[in-house]
Each structure stands twice: as structure tokens, then as C-alpha cells.
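Novice: Please read through the structure below; I'll follow up with questions.
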Amino acid sequence: MNEVRKIDRIDTAPRFTEHDAVRLNRMFRGSSTQEMLDAVIKSSLAGDVTTVSSFGAESVVLLHLIAQVDPSVPVLFLDTGKHFAATIKYRDEVVERLGLTNLVVLTPDEANLSAKDETGLRWSYDPDGCCEIRKVIPLARALADYDASFTGRKAFQSSTRANLPRFEVDTSDAQGRLKINPLIDWTAEDINAYLEEHDLPRHPLVAEGFPSIGCEPCTHKVADGDDPRSGRWKGWDKVECGIHQPGEEPFL
């Protein structure tokens, strides 16, 4: 009897499913953030991991926690070309201070910028389109090389983040990557206490009234007591740049 030849197939199944996310959330229920990070990074529970950082108002907390486990974890930074000069300077200070050894700077595709934002003013009339070109597309391409990414999202930042779990499946495409939110249950008081305990450098714009910091044209000061992210895209019905929500088909 002739042996049936096995057909080579490309595995197109997603890396992780909702079941995997639920299992991981249960596994680390009651664990501290540091215990969870230690297990995920050292035991490769989430495969090849990276972290995405804006080097904004509170980014140094997550970066410090990760650096305690492995300072070589890739740190993806989206250089949109629209950042405050203070953010770029702060980024370099934090990288040196924490001993991070794998900063990966992502930039928009030049041809795409020329075709879709030749004047550099798309932010003023189409902020979603600007974010798509300068953030969503470059990050999507970079994340294709990883199985999971850490984010700095916290429940207290906005209503859209209030009920997020620690582990969730990235729904921006069909790849099934994990999105991990280590600080999701941290309060503003927790963040401040950690910053003080470890004497971590603060983003200089925080003291000037910017509790959430993104690109310079779309970031404004926030009044006391207001939602920390209310200064982002002020005047627009927009609370996220697009990298943390299901996206539409990107225009290339």
C-alpha cells in the first residue's frame, strides 16, 4: 500500500485565541505586575514580545519594570515627525538611565507621506488619517515580527480603557497577537508612588499641565480634574490614535 504523501501547508492560524487570553488572565489573577512580567518574559509564555512606548507622561514606569526583567526587550517608538522636542530628549534620557539596549525607532513611509500628507498639515483637518500614516501603518508592519506587545494603558486614563483586561487578543488584523496591559489596574496614585520610590525621571511637560503627551499639534494642556486624555485631539471626536482599536483597511 502506497504511503499517502503529506501535503505541506502554511500555518495561517492565529498565534493566540480569545481562549488563550482568558487562560492567561486566570493564570495571573492575584499576581503582581512584576511577577507577571517576569513569568511572561523569562518563560516565553507569549512568544516573542516587544513593548510599544510613546515615552510620554508615565511611560518610564512600564519601561523600568520591564528593564528589571530584561533590558534587551525591544522597545518600539513611533517617530511621527510631529513629537515635542522635549519628548525626543526625554526618550534618550530614559533609554540611557534604564540601560535599555534595544530601542527600535519606527518612521512613516516617505512615499506614503508625500502622497497623503505632502504639506504635513493633515493633522489639522483629518487627524485619523494623519495617525494612520504616521502611527498605525508603521506599527502594524513592525509588529508582524512579534507574537505579543506590552502597552502602557491604564483604566483610569479614559472611559475607553476602563474595562480592559491584562491580556487580550489584538483585533487590528487576523494575526492573533496578544496585547498585554501590565498597568491596567494601576491608579494614578500607584504610578506616582512608583515614580518617587525609584526616583525615575519625569517628562518635563507633565509639570506644564500635560498629563498625556502625544504629537505636538494634537496635544493640549488639561484642566485640573479633567480626563487625563482630554487634551489629546481637542475639539475632535477622537480619543485613540488607532493603534489600540480595530482599524479599517489602511490606505497605502
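Every number here is computed from the coordinates shown, using simple stated rules; none is lab data. The shown structure was predicted, so the numbers you read here are calculated from the model rather than taken from an experiment. Note: ideal-geometry Cβ built from the backbone for every residue, glycine included; neighbour counts use all protein chains shown.
Novice: Ranking request for peptides 164-170, 123-129: highest mean number of other beta-carbon atoms within 10 Å first, then the rest in descending order.
Specialist: My ranking of the peptides, most packed first, is 164-170, 123-129.
Novice: Order 107-113, 142-148 from most to least packed using the mean count of other Cβ atoms within 10 Å.
Specialist: The packing order, highest mean first, is 142-148, 107-113.
Novice: Could you please report the charge total around Lys89, scoring K, R as +1 and D, E as -1 over all other residues with beta-carbon less than 14 angstrom from its beta-carbon?
Specialist: So the environment of Lys89 carries a net charge of -2.
Novice: Something else about it: What ranking, highest mean first, results for peptides 198-207, 40-49, 59-68 when packing means the other Cβ atoms within 10 Å averaged over each residue?
Specialist: Averaged packing, sorted descending, gives the order 59-68, 40-49, 198-207.
Novice: Which FRET efficiency, nearest 0.05, do Asp92 and Asp70 yield, Cβ-Cβ r, R0 22 Å?
Specialist: Efficiency for this residue pair is about 0.60.
Novice: Next up: Run down the aspartates and glutamates and flag those whose C-alpha is under 12 Å from the C-alpha of Lys221, throwing out any fewer than 8 positions away in its chain.
Specialist: Cross-link targets: Glu208.
Novice: Treat each spin label as a single point 7 Å out from the Cα along the C-beta direction, and report the His198 to Thr101 distance in nm.
Specialist: Simple spin-label model gives 1.8 nm for this pair.
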